[in-house]
1. How large are Rg and Dmax for the chain when only the alpha carbon atoms are used, in Å?
2. Given a 1.4 Å probe and heavy atoms of the protein chains only, how would you sort His27, His75, His62, largest accessible area at the top?
3. Over 18 Å between Cα atoms: which of Lys2/Lys92; Lys2/Lys130; Lys81/Lys114; Lys68/Lys114; Lys93/Lys147 fall into that group?
4. Where in the chain lies the longest segment free of GluC sites (Glu not before Pro) that are both loop residues by DSSP (not H, G, I, E, B) and have at most 15 other Cβ atoms within 10 Å?
5. Within 12 Å, Cβ to Cβ, of Ala110, how many net charges do the neighbouring residues add up to if Lys/Arg are +1 and Asp/Glu are -1?
6. Residue separation times 0.36 nm, minus the C-alpha to C-alpha distance between Lys2 and Lys114: what's the value?
7. Quick one: Karplus J couplings for region 137-145, per residue in order, coefficients 6.51, -1.76, 1.60, θ = phi - 60°, nearest Hz, x for Gly and Pro?
8. Using a cut-off of 15 Å between beta-carbons, work out the net charge of the residues near His27 (Lys and Arg +1, Asp and Glu -1, His27 not included).
Amino acid sequence: MKITICGSMTFYNEMLTLKKDLESVGHEVLIPSVALEVPGEGKYFGQYMEDNDGIDAFPEGHPLWQLKSDAISEHFEKIEKSDSILVANYEKKGVSGYVGGNTLIEIGLAFYLKKKIFILNNTSSEISYKQEIMGMQPIILNGDLSKIK
């Protein structure tokens, strides 16, 4: 099966491990590119913004928004070419099973395209849009990659 991994770039190292584990049992796996790494900074988009006075310091038309736009489009293309997505959702900022806004739109795209949606860990009820995620009827793996079929 061709699987695209989705999730916060905070979990990039975990995505690499998931990719390796899934490929070892015969899956073809796509992951987000590091296109969201700000050139010359060695930081991912979100961290760069946090370290530079937050999102409001980057007004409409700022070149960083094109970087973000390109990365979203590139990942959408990977989802379109895949049979399924795997949401890598670990703890972030004290929220277990974290799913951020960008990952939510990726889940929505996969749902619309009728792709299988696998979520690695249960999504926290602290996430206000958990009902939307559950409404797209994902398969919750509870950490067990062998359930991907």
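1. Using the Cα atoms of the chain, the pair Rg, Dmax is 15.3, 45 Å.
2. On the way: His27 30, His75 10, His62 60 Å².
Sorted descending by solvent-accessible area, the residues read His62, His27, His75.
3. The answer is Lys2/Lys92; Lys2/Lys130; Lys68/Lys114; Lys93/Lys147.
4. 1-40
5. Numbers: positive: Lys78, Lys81, Lys114, Lys115, Lys116; negative: Glu80, Asp83, Glu106.
For residues surrounding Ala110, the net value is +2.
6. Values: separation 112, 0.36 × 112 = 40.32 nm, distance 1.40 nm.
Full extension from Lys2 to Lys114 adds 38.9 nm.
7. Per residue, the Karplus-derived 3J(HN,Hα) values read 6, x, 9, 8, 8, 6, x, 9, 5 Hz.
8. Value of the local net charge: +4.
The values are calculated or read from the model by the stated rules, or taken from the named source; none is laboratory data. In this text the structure is predicted, and so the values were computed from the model without any measurement. Cβ sites come from the backbone with ideal geometry, for glycine too, and all protein chains shown count toward neighbours. Ligands, DNA and RNA are stripped out before the accessible areas are found, and what is left, the full protein with its side chains, is counted by its heavy atoms. Shrake-Rupley method; radii C 1.70, N 1.55, O 1.52, S 1.80 Å.
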